[in-house]
1. Past 23 Å, Cα to Cα: identify those pairs from LYS57/LYS96; LYS57/LYS105; LYS19/LYS96, in the order given.
2. The list (1) 108; (2) 121; (3) 130 gives values of volume of the Cα convex hull per residue in Å³, and only one came from this structure; which label was calculated from it?
3. Mind ranking 48-54, 93-99 by how tightly packed they are, going by the mean number of other C-beta atoms within 10 angstrom, highest first?
4. Evaluate the charge dipole of the chain about its Cα centre and quote only its size in Debye, nearest 20, assuming +1 on the Cβ of each Lys and Arg and -1 on the Cβ of each Asp and Glu.
5. Of the accessible area of the chain, with the probe set at 1.4 angstrom, what percent is carbon plus sulfur?
6. Mind checking the per residue accessible area of the chain for me, 1.4 Å probe, whole number of Å²?
7. Using +1 at the Cβ of each Lys and Arg and -1 at the Cβ of each Asp and Glu in the chain, identify which of LEU64, LEU2, THR16 lies farthest towards the dipole's positive end.
8. For the chain, what does -39500 (n - 2.57) per DSSP helix run (n ≥ 4), summed and divided by total residues, give at 222 nm, in deg cm²/dmol to the nearest 500?
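The values are calculated or read from the model by the stated rules, or taken from the named source; none is laboratory data. A quick note: this is a predicted structure, and the numbers were derived from the prediction, not measured. Positions of Cβ are generated from backbone atoms using ideal geometry, with glycine treated the same way; all protein chains shown enter the neighbour counts. Each accessible area value is taken on the protein alone, full model and side chains, heavy atoms only, with ligands, DNA and RNA left out. Shrake-Rupley method; radii C 1.70, N 1.55, O 1.52, S 1.80 Å.
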Amino acid sequence: MLRAIIVDDEILVRATLEKMVDWAAEGFQLAGCYANGQAALEAMERCPADLVFTDIKMPVCSGLEFIDGVHALGLAPHIVVLSAFDEFPLVKQAFKKGAADYVLKQEIVPARMLELVREACLAMVRLHKRKVFVALP
């Protein structure tokens, strides 16, 4: 089973995203919800996640700092960046750092959240197949 985490400083956002998806039915264990990037990084060190939904602006450790920290750990999860505001400069930085997608929080409804989870799952399957293919003689 794949592991997913949610990182957002707003408790209501974390709770809402947590309940929007039947994680197990989609092949994921929701391994945790964190109020900032630092707490999420500490959790990722102990047990890495395959899929991360992270806010871009948070106290203690922003989404961009979190992405840098994840890469410093040698991890490459599928990252979806969330924001309450359309902040193009920050979004551009997130994509340069390897984010797979960006979504405005107000656009996230259950159908969109499910779509994001399924897209992440497909991307991970493709990546895994590519690695297997490359390893073959």
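1. Over 23 Å apart, Cα to Cα: LYS19/LYS96.
2. (1)
3. In descending order of packing, they fall as 48-54, 93-99.
4. Charge dipole of the chain: 560 debye, to the nearest 20.
5. Roughly 60 percent, rounded to a whole number.
6. Heavy-atom accessible area per residue stands at 55 Å².
7. LEU2
8. -15000 deg cm²/dmol
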